[in-house]
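Below: one structure, written as structure tokens.
The values are calculated or read from the model by the stated rules, or taken from the named source; none is laboratory data. Given the structure is predicted, the values throughout are model-derived calculations rather than measurements. Using ideal geometry, Cβ is built from the backbone for each residue, glycine included, and neighbour counts are taken over all protein chains shown.
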Amino acid sequence: MNVKKFTAPTSREALRKVREALGPDAVILSNRPTDGEVEILALANDDAASLALPSPDSPMAQPNPYLDLPETPSYLSPLAPMAPVAAAPAPAVAAAPAPRPVPRAAAPEAAVRQSAPRAAAAVAPAPSLDMDRISAMVADAVASAKANAAAEMSGMMSEIRAMRGMMETQLAEISWGSTQQREPQKAAVLREMLAAGFSASLARYLIEKLPAGRDAADSLRWIKTVLTRNLSAIANEDALIEQGGVFALVGPTGVGKTTSTAKLAARCVMRHGPDKLALITTDAYRIGAHEQLRIYGKILGVMVHSVKDEADLRIALKELKNKHTVLIDTVGVSQRDHMVAEQVAMLQGTDANVKRLLCLNATSTQETLNEVVRAYQGSGLAGCIMTKLDEAASIGNVLDVVIRQKLNMFYVSSGQRVPEDLHLADPAALVERAFRLKQGAAASQYADHELPLVMSAAGAFGANVAGLDHALREVRLG
């Protein structure tokens, strides 16, 4: 057995040496790191095949001498005593011929011949321990080689993906650099959208669809038209005030759920009177949390009911089924808290059709708003209310999330006054406000040489903006 040892700084280099020396069919016996290098013990394929056959000089290759002996006659037995030689009878008496005596020297040979088949039948040839050990070593070596090859393949795939991402980023940067030189109006529109708070992915998607042959002002008007068409909002209050139903305002802590509930309650009371409205609060965690809503209810002349769990909520809704509108003020829960799922399940577990309105804080970042929508989505939201519009430096982040998630915007809250600071959402006015809030700040936010890098880092916008294609076709036709 000709086992060879190969050492190299890496496994790949060591395997290359094995392949060059022993061929692609070589058998790896062991693989281990030694002194900063990789040591591999390998065996040629022909030598590995010869291991299955015994050596011609080994005792296993010699024939069994006992198996070639003739069968022992039945009248011979090694245990039978030697028959004494009888005296010769008289010649006149006829006697049968006496059996031929067996010589003393032949008795052991007959005994050996008699016992050989029994020993061969009783003792089976034991397997070779060396062959079992070598087979186990070969199997371990093959398994180790497969594991190392899989690990190396995974590493190579990771490197290939990293190289692909780097090449795509560099190519996109080169492309946007050339686009900035050929079509400077696109760079101007891009700078305006980023300054207004819209994401780079949405800006990239719209600028790629921007019709050619337009100046910067015309291109910006086209962008505003597309954003307005894709910003869904209710046209009037009939879906909420006139139709009525059960509405629950949900969202994280501090987004203005209680204040927005009071503003909606005031609108309902002014339209239908206090007898047609009921208020429910589920905020039993904070000390005195329900007192604010009770004060609003006392001013409006509406009873406020407090519930603790799903059973209480189901009972309260059954008692209030004759009311035209029921507003539920829920407890504020962080979007990363497991209680969000429990709250959504509680609202969906009742017999009544509870429509959930998500309150979106205009001062939050875009990443935070995306997390909030994903956490409170559940089986579907009826709509959303933009809150704290008066405190936001830019509202493009909220509009971007509403377009991405295809939410239906009901109201916009712009202050603490009840009910004056609650307005129906106007998509065109909101888009204009988004670009007006950061007017003049776009030039100072990103330099010209930074725009290609920003756009190359923005990935594809994905399926959430697939519905924009219809609006884009309508704009082109117009």
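Quick notes on this structure:
- Of the helices (runs of 4 or more DSSP H) lying entirely inside region 111-209, those containing at least 2 residues that are modelled with pLDDT of 80 or more and closer than 30 Å to residue 395 by Cα are 184-196, 200-208.
- Qualifying residue in region 395-416 (condition: among the small types (Gly, Ala, Ser), touching a helix residue (DSSP H, G or I) at 6+ places or on another chain (Cβ under 7 Å) and under 21 Å from residue 199 (Cβ atoms)): yes
- So residue 204, is it basic (Lys, Arg), under 21 Å from residue 410 (Cβ atoms) and buried (at least 16 other Cβ atoms within 10 Å of the Cβ): no
- Of residues in region 42-62 being in contact with a helix residue (DSSP H, G or I) (Cβ under 8 Å, 6 or more places away or on another chain) and not small (Gly, Ala, Ser), the one modelled with the lowest pLDDT: 54
Quick grid of which residues meet (1) farther than 29 Å from residue 351 by Cα; (2) modelled with pLDDT under 90; (3) of a type outside the set (S, T, N, Q):
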| residue | (1), (2), (3) |
| --- | --- |
| 241 | no, yes, yes |
| 260 | no, no, no |
| 264 | no, no, yes |
| 271 | no, yes, yes |
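Rundown of residues vs (1) within 27 Å of residue 238 (Cα to Cα); (2) modelled with pLDDT under 85, yes/no style:
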| site | (1), (2) |
| --- | --- |
| 303 | yes, no |
| 306 | no, no |
| 310 | no, yes |
| 314 | yes, no |
| 319 | yes, no |
| 324 | yes, no |
| 327 | yes, no |
| 338 | no, yes |
| 344 | yes, yes |
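- Helices (runs of 4 or more DSSP H) wholly inside region 366-441 that include at least 2 residues being in the same structural domain as residue 343 (by TED's automatic domain parsing), crowded, with 21+ Cβ neighbours inside 10 Å and in contact with a Leu (Cβ under 7 Å, 6 or more places away or on another chain): 366-376, 396-405
- Whichever residue in region 6-23 is outside any strand (DSSP E or B) and in contact with a helix residue (DSSP H, G or I) (Cβ under 9 Å, 6 or more places away or on another chain) and, among such residues, is nearest to residue 134 (Cα to Cα): 22
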